[in-house]
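Since the structure comes first, as structure tokens, the remarks are kept for the end.
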């Protein structure tokens, strides 16, 4: 079901290398978001999400007019996996009427080996590289974002292994008051791997997350 998402992600990555980054489309005043395709510009943003089955905290700062850099920590309490690392976001060619952005993260990966849900889990460590894309559209009430990511995790325990975890998500964010915004994210994913990677035999994932963000400046 997520094969088209992976294909679109890879196509967008190739397009990003070939095409110059376009200027964002004109429209309503931007709502700062770490999920949408719009860069933060001179702003910074602190964002948190919680639900099934992730707790996530992230911060990003606009470094140029079209590129953001950030840090994040994400805990999947169903699998007891922790990821912490850095992120980059920069525009790519839009798919009208949506703006487009390339999203890339590199993170340290740690699995505590919890088996309260997944009996095949085990302690592991590794590195995760996650390329992805975001397509978003602003409106008077908020911003809608469609996201596709293909995280690849290289694990080190035992003989080592590789996990592939393609994901697709829908998010909606709206201003609350002042520098605060709230939203909702719904996602689907697949997980499979090779070697000694934990929980490698293949399974589906569903996520429901509440979003909150604060713009310090």
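The values are calculated or read from the model by the stated rules, or taken from the named source; none is laboratory data. All of these numbers come straight from a predicted model, not from anything done at the bench. Neighbour counts run over all protein chains shown; Cβ positions are idealised from the backbone, glycine included.
Looking at (1) surrounded by fewer than 18 Cβ atoms within 10 Å (Cβ to Cβ); (2) modelled with pLDDT of 95 or more, which one does residue 87 not meet, given that it meets all the others?
It fails just one condition, (1).
Kindly check whether there is at least one residue in the stretch 168-184 that is surrounded by 19 or more Cβ atoms within 10 Å (Cβ to Cβ), farther than 19 Å from residue 118 by Cβ and in contact with a helix residue (DSSP H, G or I) (Cβ under 7 Å, 6 or more places away or on another chain).
Looking for residues that are surrounded by 19 or more Cβ atoms within 10 Å (Cβ to Cβ), farther than 19 Å from residue 118 by Cβ and in contact with a helix residue (DSSP H, G or I) (Cβ under 7 Å, 6 or more places away or on another chain), one finds at least one in the stretch 168-184, hence yes.
Would you please name the residue that is farthest from residue 199 (Cα to Cα), looking only at residues in the stretch 143-159 that are surrounded by fewer than 22 Cβ atoms within 10 Å (Cβ to Cβ) and at pLDDT 95 or above?
Just the residues of the stretch 143-159 that are surrounded by fewer than 22 Cβ atoms within 10 Å (Cβ to Cβ), to begin with: 144, 146, 150-152, 154, 156-159.
Filter again for at pLDDT 95 or above, leaving 144, 146, 150-152, 154, 156.
Details: 144: 32, 146: 27, 150: 17, 151: 15, 152: 14, 154: 13, 156: 14 Å.
The qualifying residue farthest from residue 199 (Cα to Cα) is 144.
Got at least one residue in the stretch 85-104 being outside any strand (DSSP E or B), over 23 Å from residue 127 (Cα atoms) and over 14 Å from the mean Cα position of the chain (by Cα)? Break it down stepwise before answering.
Narrowing the stretch 85-104 to residues outside any strand (DSSP E or B): 96-97.
Subsequent filtering for residues that are over 23 Å from residue 127 (Cα atoms) retains 96-97.
From the residues that got through so far, the ones that are over 14 Å from the mean Cα position of the chain (by Cα) too are 96-97.
Within the stretch 85-104 (the criterion being outside any strand (DSSP E or B), over 23 Å from residue 127 (Cα atoms) and over 14 Å from the mean Cα position of the chain (by Cα)), the answer is yes, since at least one residue qualifies.
What pairs come up if the first residue lies in the stretch 70-83 and is free of Cβ contacts under 8 Å to residues at least 24 places away in the same chain and on the phi < 0 side of the Ramachandran plot, the second is surrounded by fewer than 18 Cβ atoms within 10 Å (Cβ to Cβ) and in a loop (DSSP other than H, G, I, E, B), and their beta carbons are under 6 Å apart, counting only those six or more places apart or on different chains?
So the pair list comes out as 76/53.
Go through the stretch 129-141 and count every residue that is modelled with pLDDT under 95 and either surrounded by fewer than 19 Cβ atoms within 10 Å (Cβ to Cβ) or not in a strand (DSSP E or B) (or both). Working first, answer last.
Within the stretch 129-141, the subset modelled with pLDDT under 95 is 138-141.
Still in the list and also either surrounded by fewer than 19 Cβ atoms within 10 Å (Cβ to Cβ) or not in a strand (DSSP E or B) (or both): 139-141.
Total meeting the criteria: 3.
Condition first: assigned to a loop (DSSP other than H, G, I, E, B) and surrounded by fewer than 18 Cβ atoms within 10 Å (Cβ to Cβ). Now tell me which residues in the stretch 185-214 satisfy that. Quick ask: steps written out before the conclusion?
So the first thing to find is which residues in the stretch 185-214 are assigned to a loop (DSSP other than H, G, I, E, B), and the list is 196-202.
Across the stretch 185-214, the qualifying residues are 196, 201, 202.
For residue 54, indicate whether it is at pLDDT 95 or above, in contact with a strand residue (DSSP E or B) (Cβ under 6 Å, 6 or more places away or on another chain) and under 16 Å from residue 189 (Cβ atoms). Break it down stepwise before answering.
Numbers: at pLDDT 95 or above: yes; in contact with a strand residue (DSSP E or B) (Cβ under 6 Å, 6 or more places away or on another chain): yes; under 16 Å from residue 189 (Cβ atoms): yes.
Yes.
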